[in-house]
Every structure is written in structure tokens, then in C-alpha cells.
1. Taking a probe of 1.4 Å, how large is the accessible area per residue of the chain, in Å²?
2. Pop out the ³J(HN,Hα) list for the stretch 318-333 in order, Karplus 6.51 cos²θ - 1.76 cosθ + 1.60 with θ = phi - 60°, rounded to Hz; leave Gly and Pro as x.
3. Taking R0 as 51 Å, what's the FRET efficiency between SER331 and GLU60 from their Cβ-Cβ distance, rounded to 0.05?
4. Would you work out which of ALA338, VAL559, LEU71 lies farthest towards the positive end of the dipole of the chain? Charges go on Cβ: Lys and Arg +1, Asp and Glu -1.
5. Lys and Arg at +1, Asp and Glu at -1: add these up for the other residues within a Cβ distance under 12 Å of ASP174 and post the number.
6. Calculate the dipole size of the chain relative to its Cα centre from +1 charges on Lys and Arg beta carbons and -1 charges on Asp and Glu beta carbons; express the result in debye to the nearest 20.
7. Against the longest principal axis of the chain, how steep is helix 177-191, in degrees 0 to 90 to the nearest 10, with axes from Cα atoms?
8. Run the numbers for TRP138 and ARG32: contour at 0.36 nm per residue of separation, minus the present Cα-Cα distance, in nm.
Amino acid sequence: MAMVDEPLYPIAVLIDELKNEDIQLRLNSIRRLSTIARALGEERTRKELIPFLSENNDDEDEVLLAMAEELGVFIPYVGGVEHAHVLLPPLETLSTVEETCVRDKAVESLCRIGAQMKENDIVDYFIPVVKRLAAGEWFTARVSSCGLFHIAYPSATDPLKTELRTIYGQLCQDDMPMVRRAAASNLGKFAATVEQSHLKTEIMSIFDDLTQDDQDSVRLLAVEGCAALGKLLEPQDCVAHILPVIVNFSQDKSWRVRYMVANQLYELCEAVGPEPTRADLVPAYVRLLRDNEAEVRIAAAGKVTKFCRILSPQLAIQHILPCVKELSSDSSQHVRSALASVIMGMAPVLGKDATIEQLLPIFLSLLKDEFPDVRLNIISKLDQVNQVIGIDLLSQSLLPAIVELAEDRHWRVRLAIIEYIPLLASQLGVGFFDDKLGALCMQWLEDKVFSIREAAANNLKRLAEEFGPEWAMQHIIPQVLEKINNPHYLYRMTILQAISLLAPVMGAEITCQKLLPVVINSSKDRVPNIKFNVAKVLQSLVPILDQSVAEKTVKPCLVELSEDPDVDVRYYANQALQACDQIMMSS
């Protein structure tokens, strides 16, 4: 008898746990649905578990969200694709709840299941769900239905297709703005499944209604529809239907709509083709660059290089450059920052002469901007300009600005400059670097901020890798080693760090001759922090050095440190000794 009752156990436990007051227990049981379904078997899952879930009206959104997610991957547990339709009723219920994230997840799961269902099952089970939701009294159901049409439509019969298009048209004119919003944001997906003949007539008339909606939140979603529909239509239809809408939207009374146009304009240009772009979209873009809302100008400024690539250099110089000049002295620092992050990309588009005449003065004004982010955005993209105008001009005009930034009072600005130094060095070449930037790199080793000193040590290592050990031996090592006598122990510590970073690049010989004696000498320092850092550095040097040197020089020094009065020094010295022994054993 016990054997017969056994399979009932999981569903009984689930029912108990799903009615438990503790939300965590309810959540756990939902997360274990697949295990329970396996225990029950496919038939009992279909007949008992799924109906029970359909009736389960938990009031906790978290539990409902977990359920909507689990049901999306439940097809294997109910007996495969032919039985997938049994999962639709619980998900249909979840698509009508008030909490948005639960509805979205339910719609996502319905789409996932619908995409795997057979055509006749979609007609028999899935399309009725879409129609019921679309006719729901409560707006939540109608919102959810908008996300399902693109799954239902391809499998429908011709009369059903006509009905679905009509229903979608009604949703686009719903009384509730939330429903119209959902219809606008899903229009592109739905339109992609509709036949060309209906696309030009019905879908375009639906789209026209949405573009004239009185709610800006609906209109701004229609902007996204412009790009999606533009890709589906023939170029001439696109110019006839989509282009006037974009031009109107670029002058919309709501700044949010104009912001969306500024963000999407590049995609829209691709949809309408080069000729209409020049005639109609360039003036629209210029208007957005001069918009009175800073947010719109930021979005438009960020696309300036992409937009110029579509145009000929003459058009870019004639129409876009005057706006760029205005934006470079915009009252909003965020607009200037957005411009600075892309303006360098304009150099290859405009060519050498225009860059030197028109763009260089703008770069320089942005490099002197009071706002650090603007300056950094320029510095980080220097390589693009270098390719166009050559190093001589670049160094004459930009070097003073770089030196100024290297001594900026904001330490984050100094830090960013240090990080770009290896890139600058590789672009500017060794001769230029020695003259102009070498002294700066040494100066940073004695900065007041630890992050700068740390970055400066890393920077020296990257420069040694870039220009080679011989160059480093001449230009870096002597100056670094000089600084080990700095009276302040924190600066001496930075030098030890620099030595440990440089040693692998310099190789065994130079490390043994030049770097190791300095480290050994520092083990006699009076500050314990220096001594235990010596132990760490020696540990890092052992793999580079010959075994005989390690035995004769490094080990005795570590043994001495392991008997130091300071507990930390002893600890690190012992750690290093153990590491030394292991390295020697393995070699």
C-alpha cells in the first residue's frame, strides 16, 4: 500500500509548501518544480501539477516571477512539444497580474513555448490565448497580448491573420497609454512577420496613428519603430513613409522624443539611403545638435563621427563642423564630454587639411577644458588623429596640454595620463619620448598619492617592454636607483616595487649587477615596512636569478631578516625563504 501512495508525496509536499506563510519556502518549492515534475511523471504533471499551478493565486510577486520563469522551460516535463499547450493556461493567468516584471517574464515564457509549438497547435491553443488577452477587461492583459502577435501570426490562416491585424490596430488605439506603449514597442517585431502587401497599407496606417499619439511616451517608442520598419520597407517606400515622420519627430515638442531621434538617427539614415540623408536628415541632425535641451545635444554629439562617415567630407565640413565648434564651448560639461569622446574619429573622415585647419583648434580648446573628463576623452583617442596629421604637428600642439594634465591637481587626471603614456610613447617614438616625457615619468614616482606612485612604477615596466632593456638601462634604471636614498620611506617603497616590476623585463644579468645590490642594501633600512618589502621583492627575484646568486646573496639576506625584532619582517622573510627552497628544489 505504501508503494501506491509514494508518488502522491511530492505533490502533497508542494501543496503544503506553496500554502506556507514563509515566502522562502514557497519560492524554494517553485524552484524545485522540475524535480517534482520528474518524480510525478509526464502524465501526472499534465493532469495534477499544471492545473494546481493554474489555480495557485499567490500574492507574492517574487513567487509568481519564479513560476513564470520555470514554466518557460517546462516542455520536456509535460511530454514534449505535442503537449506544450497545457502550459498556456497558468502563463495566461500570470500575463494578467499587476506586477510588470511578472507579466514580462510570462510573455517571454509564452513566446518561448509558442516558438516550439506545432502550427496546428498554435491555431488551436496559442491564438485563442492572444485573442483573450487582447480583449481583456483589465489593461494588464492587453499590454501582455502585444508581445505575442509576432509568434502567433506566421502560423495563422488567412482569415485569422486579418483578424490579428485588426486586433493589433485596435490595441494601438486603446484608451490606456500603457497598452499603446506596448503596441508601439512591439510593432517592429510584429511588422517583420507581416506580408509586404499588408505592411505598406495596414501596418503603415497603424504606425501613422502611433506617431501622432498625444502621449510623448508612445511617440518616443514609435521612433524605434521607424528604424525597424525602415529596414523592412523598400528604399522608395521608406522615403515616402518614414522620412517625413523622422523629420517631424526631430522637431517634436517633447525633448524625450527628440532625444530618441538623436540616438537612433544613424540607424534611420541607413534605412533611408544616402540621398535623402543629405537632403532631409542633415538639417534635422543640425537642429538636434543645436537643441535647447542638453540631453538631446549629448545624444546628438555622441553620434557626430558616425553621422559624418555617411556624408561626404564637403558636407561634413559645411554643415556639421560649425555645430561641432559651438558644442566644444557648450555650457554643459556633459555635452563637451560626449563630443570629446567621439570628435577624434572625425579626423580620418575629414582628411589632413581640414583636420589641421578646423579640428585641431577644437581639440586644443577641449584639452584646456576645466572639466577633467573632457580632457581625458581627448587624450585617450589621440592615435586616430596621429594617423591623419602626423607626429610633428601633433607633438607641437598637444604636448603642452599633456604636460599640463600630467601636473593636474586632480589625482585621477594624473592617473589617467599615466595610463596613456605607454600608448603615447609607442605613437610618438623613442626620440620624442626621451625629450619631452621622460622627466614626467620619473616625477610621478614621488607623487603624494599612492595610486599615482603605483601606476608610475607599472608605467616604467611597460615603457621598458616597449623600448627594450638597452633603452631602459640608459634612461630608466640609473634614475630609479638614485631615488632609493629618498628620506621618506614611502618613496623608497615605491622604488622597491619598481625594481620588482622591472627585473623580469631587464633579465638576469642586469638584475644581478644593478638591481639586486640596491635591494640587499635596503634590507638594512631602519623602517620595518621597507624590510618586509625587501623580503617580498627578493622572493619575486629568485626565479629570475641564477641559483648560485640566490644561494650566496639572497638566502643569507633573508636569513638575517628572519631574525629581525619586528614580527612582520620575520613573517615575510620566512615566507620568502620557504618559496626560495621550493623554487630551488624544483629547478
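1. In whole numbers, the chain has 45 Å² accessible per residue.
2. Working through the residues one at a time gives 6, 9, 8, 4, x, 5, 4, 4, 5, 5, 5, 10, 4, 6, 8, 5 Hz.
3. So the FRET efficiency works out to roughly 0.55.
4. VAL559
5. After counting each charged neighbour, the total is 0.
6. 1720 debye
7. That helix lies at roughly 80 degrees to the long axis.
8. Working: separation 106, 0.36 × 106 = 38.16 nm, distance 3.15 nm.
Taking TRP138 through ARG32 to full extension adds about 35.0 nm, to one decimal.
The values are calculated or read from the model by the stated rules, or taken from the named source; none is laboratory data. This one's a predicted model, so the numbers in the text were calculated from it and none came from an experiment. So basically every Cβ, Gly included, is an ideal-geometry build from the backbone, and we count neighbours across all protein chains shown. The accessibility values were calculated without ligands, DNA or RNA, using every heavy atom of the protein model including side chains. Shrake-Rupley method; radii C 1.70, N 1.55, O 1.52, S 1.80 Å.
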